[in-house]
Structure formats: C-alpha cells, structure tokens
1. Working out 0.36 nm times the residue gap between Leu59 and Ile78, then minus their Cα-Cα distance, what length gain in nm do you get to one decimal?
2. Tell me the volume per residue, in Å³, of the convex hull enclosing the alpha carbons of the chain.
3. Return the carbon/sulfur percentage of the accessible area of the chain, one whole number, probe 1.4 Å, all protein chains in place.
4. Report, by chain and number, residues whose modeled amide H sits under 5 Å from the one on Asn16, excluding near sequence neighbours (fewer than 5 apart, same chain).
5. What are the ³J(HN,Hα) values, in whole Hz, obtained from phi via the Karplus relation 6.51 cos²θ - 1.76 cosθ + 1.60 with θ = phi - 60°, for each residue of the stretch 36-43 in sequence order, with x given for Gly and Pro?
6. For Val38, what accessible area in Å² do you get when you roll a 1.4 Å probe over the heavy atoms of the protein chains, rounding to the nearest 10?
7. Quick one: how many Å² of Lys20 are accessible to a 1.4 Å probe, rounded to 10?
8. Would you compute, from DSSP H runs of 4+ residues alone, the mean residue ellipticity of the chain at 222 nm, taking -39500 (n - 2.57) per run and dividing by the full residue count, rounded to the nearest 500?
Amino acid sequence: MTEISLSASLKALQDNPYGKWFGFAALGLVAFTLLSVVAGLAGAVWLTVLLGLLAYAALAGALFTVRRMVRAHRRERIRKYR
C-alpha cells in the first residue's frame with residue numbers, strides 16, 4: 001500500500017505558483033467559519049450573516065484557486081510531452 005507523505009504534499013503546494021493563494025483562501029475559510037459559529041453562539045445575528053458570507057467568499061476563492069492550479073498543471077504536463 002502506498003502512503004502519501006504530508007510533507008511531500010506541502011512541498012508540492014509550496015512549489016505551485018497558486019499555492020500561496022490557496023493557503024490564504026483556506027485559512028480565510030477556516031477562520032471565517034469558526035468566527036461565524038462564535039458570533040452565532042453570542043447571538044449577534046448580523047455579524048453571523050456577515051461572517052457566513054465571507055466564509056462563502058473564501059470557499060469560492062479556494063475553489064477558484066484549485067481550479068487554476070489544476071489547469072496550470074495540466075498545461076505544463078501537455079507542454080512536457082509535446
């Protein structure tokens with residue numbers, strides 16, 4: 001059975017030009033989600049809605065960045081074999 005090393009995955013992510021942006025988007029997603037839960041428990045409805053919308057925006061950013069990473073990798077692989 002082959003195991004994927006976490007350090008190898010992180011190294012590949014750091015080598016990718018979009019890796020830094022994905023890290024920021026993922027960090028924003030986690031932070032805004034946790035803060036919206038805390039605001040919801042505190043009873044601040046408007047803050048909960050605002051942080052929830054920011055979490056959705058961070059999710060969209062993360063998905064967009066991953067899509068760009070995959071396309072860049074695919075283009076690089078096609079150029080390599082031509």
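1. 4.0 nm
2. 108
3. 69
4. Distant-sequence amide H within range of Asn16: zero hits.
5. 5, 5, 5, 5, x, 5, 7, x
6. Per-residue accessible area (Val38): approximately 90 Å².
7. Surface open to solvent at Lys20 totals about 120 Å².
8. Result for the chain: -30500 deg cm²/dmol, rounded to the nearest 500.
The values are calculated or read from the model by the stated rules, or taken from the named source; none is laboratory data. Owing to the predicted nature of the structure, the values given are computational and were not obtained by experimental measurement. Please note: Cβ atoms are built from the backbone with ideal geometry, for glycine as well, and neighbour counts cover all protein chains shown. Protein only, heavy atoms only, side chains kept; ligands, DNA and RNA dropped before computing areas. Shrake-Rupley method; radii C 1.70, N 1.55, O 1.52, S 1.80 Å.
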